[in-house]
Structures are given as structure tokens and as C-alpha cells.
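See structure below.
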Amino acid sequence: MQKSVVILAAVSIAGAALAEGALTLPEEGSISRADGKAAFERIYEVVTHPRCANCHVGEDNIPMWSGPSYGEARPHGMHINAGESRIGAEFLPCQTCHVTSDDFDTAPHAAPRFGIAWQLAPVEFEWFGKSRAEICAQLKDPERNGGRDWRGLVEHLEHDASLNGPVAWGWSPGGDRDPAPRTLEEHVEDMALWGAAGQPCPTD
Ligand code: HEC
Ligand code: HEC
């Protein structure tokens, strides 16, 4: 069972956005390692879900496609490559098709969209096909997560959601796509629980 030590106030813009700072963070050390590991297990289910992992891909810079009609994820059609810019600047910019819009809902198979510029996550934030231990090590390494401690990760999730970015979209993707598991609010809470428990990893 998840402890309800975190108070969340959900504020809706496009249905899923969170208010920044809406979360009262638990004290560091107030969460047991067992509860922290259980929270990490739920985090792992979210970040390896196609709504998240399809953009958090490796150095080939190729986004992945998946959905009810695709089965397993496969490389993005039309030979799309995001280049080292991760936004397609070298080839065809992602935003040619993935326009910026606060209205997430698209017809099935239309290019999905959200409130900020569509692009791949930086290559160091690679999750696609990675194990629990690998993702856990990456998420807690400031050299590979954008310089964030656990509070910074929580802030990133809240901030991105408040901009109707990928984090908000992942739970309301439209176009008949499966949303990421559970809710955005629970994911933010899990990040806080894992952090306050000392970011324990499955191999610890
Ligand atoms: C359309 C592409 C895209 C999708 C889909 C996407 N992200 Fe990201 N993600 C990004 C980009 C770009 C960044 C870099 C932003 C930054 O660091 O400020 C990022 C960074 C992050 C970070 C920062 C730290 C780190 O180690 O990665 C987290 C946490 C994160 N995303 C969570 C998620 C979650 C959870 C989902 C699914 C609900 C998701 N992302 C889906 C593009 C995406
Ligand atoms: C020529 C148009 C076009 C361009 C350019 C394009 N995409 Fe797409 N993209 C699409 C379409 C259409 C879909 C939806 C396919 C479907 O659902 O059948 C899609 C889907 C995706 C998905 C899958 C989302 C999910 O959750 O399954 C990701 C990730 C993605 N694109 C990333 C990118 C990135 C990153 C770029 C830039 C490097 C990019 N795309 C450039 C048309 C495009």
C-alpha cells in the first residue's frame, strides 16, 4: 500500500496538468527502503511504458511507434530520425507533423501533440529497453538526468505537466492510445516516496 504522506492538489488545464509546488514533499528518511523500492517498481512501470519510453530512446536517435494496431513497439515510420539535435533539425523537424497544441486529442494514427515542442529526450535519459537497475542508476545520477536530485525530479514532473508537456500527455494521449499506468498524481507521489527513501535501487 502506498502511504498517503504527500498531499496533492490536482489543478486541471487540459485535464491532467498539476499545479507546480502542489506537492508537500515527505522528509528525507521518513519513508522506509521497502516502501521506496515498491515506489520505484511503479516508477519503472511508468517510464518503460510506450507513452514514455518511445521518446526516451538511445543514440540512434530513432523514436519508436506503438499502439493498439502495432503490437510491439517498432521504429517510427517514414524513416524519421531526430538527429543529434533530438528535434529533427538535421532532417525533418518533429514539429512539421507534431504541432504544438494544448488539445492532445487527435484522430487515431494522426501525429500526437502537446503544449511544448515535440522532441526526443536527451540521449542520457535513455529508457527504451533498459532494465530496472539501469534506469534506477540513471534516474539518480545528476550527470545523466539533467542535474537533478529527487526533489528536482519531482519539480520536473510538476513543471512539465503545468506546461501540458509529455508528462501531462502521457496520461491523456488521445488517438485511442493506451495511457501510462495509474495516474500522473500517483507517479509524482511515487517519485517523492522513492526520493525520501534514499532512492533505493532493485539491486541494493
Ligand atoms: C515526445 C517525447 C517525450 C515523451 C513522450 C516523454 N518525454 Fe520525458 N522528456 C522529454 C524531453 C525532451 C526531456 C528533456 C526535458 C528536460 O530535461 O528539461 C524529458 C525529460 C524527462 C525527465 C527528466 C529526467 C530524466 O532522467 O529523464 C523525466 C523524469 C521525464 N522526462 C519523464 C517522462 C515521463 C514520466 C513520460 C511519460 C508519461 C515522458 N517523460 C514522456 C521528452 C519526452
Ligand atoms: C511526417 C510526419 C512526422 C514527423 C516529421 C515526425 N512524426 Fe512522429 N509521428 C507521426 C505520426 C503520424 C505518428 C502516429 C503514428 C500512429 O499512431 O499510427 C507519430 C508518432 C510518434 C510517436 C509515437 C507516440 C506514441 O506514444 O506511440 C513518437 C514517439 C514520435 N512520433 C516521435 C517523433 C519525433 C521525436 C520526431 C522528430 C524527430 C517525429 N516524431 C517526427 C508523424 C511524424
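The values are calculated or read from the model by the stated rules, or taken from the named source; none is laboratory data. Note that the coordinates shown come from a computational prediction; the quantities given were computed from them, not determined experimentally. Using ideal geometry, Cβ is built from the backbone for each residue, glycine included, and neighbour counts are taken over all protein chains shown.
Tabulated values for the structure
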{"item": "Tally, over the stretch 54-87, of residues that are more than 8 Å from ligand 2 (Cβ to nearest atom), touching a residue at least 12 places away in the same chain (Cβ under 8 Å) and not in a loop (DSSP other than H, G, I, E, B)", "result": "1"}
{"item": "Test: residue in the stretch 29-43 that is in contact with a Pro (Cβ under 6 Å, 6 or more places away or on another chain), within 16 Å of ligand 2 (Cβ to nearest atom) and not in a loop (DSSP other than H, G, I, E, B)", "result": "no"}
{"item": "Filter result (surrounded by 18 or more Cβ atoms within 10 Å (Cβ to Cβ), assigned to a loop (DSSP other than H, G, I, E, B) and either charged (D, E, K, R) or within 13 Å of ligand 1 (Cβ to nearest atom) (or both)) within the stretch 88-120", "result": "88, 98, 104, 112, 113, 114, 115, 118, 119, 120"}
{"item": "Where a residue in the stretch 129-143 is at pLDDT below 95 and its partner, wherever it lies, is buried (at least 18 other Cβ atoms within 10 Å of the Cβ) and not hydroxyl-bearing (Ser, Thr, Tyr), with Cβ under 8 Å and at least six apart", "result": "none"}
{"item": "The listed residue being away from ligand 2 (no atom under 16 Å from the Cβ) and within 26 Å of residue 105 (Cα to Cα), out of 134, 186", "result": "186"}
{"item": "Residues of the stretch 153-189 satisfying the condition of being closer than 19 Å to residue 142 by Cα and either in contact with a His (Cβ under 6 Å, 6 or more places away or on another chain) or touching a residue at least 60 places away in the same chain (Cβ under 8 Å) (or both)", "result": "154, 155, 157, 158, 159, 188"}
{"item": "Condition check for residue 115: near ligand 2 (Cβ under 6 Å from one of its atoms) and either touching a residue at least 60 places away in the same chain (Cβ under 8 Å) or over 18 Å from the mean Cα position of the chain (by Cα) (or both)", "result": "no"}
{"item": "Of residues in the stretch 145-155 being in a helix (DSSP H, G or I) and in contact with a helix residue (DSSP H, G or I) (Cβ under 8 Å, 6 or more places away or on another chain), the one surrounded by the fewest Cβ atoms within 10 Å (Cβ to Cβ)", "result": "151"}
{"item": "Count of the stretch 126-144 residues which are surrounded by 18 or more Cβ atoms within 10 Å (Cβ to Cβ) and either near ligand 1 (Cβ under 10 Å from one of its atoms) or under 25 Å from residue 81 (Cα atoms) (or both)", "result": "8"}
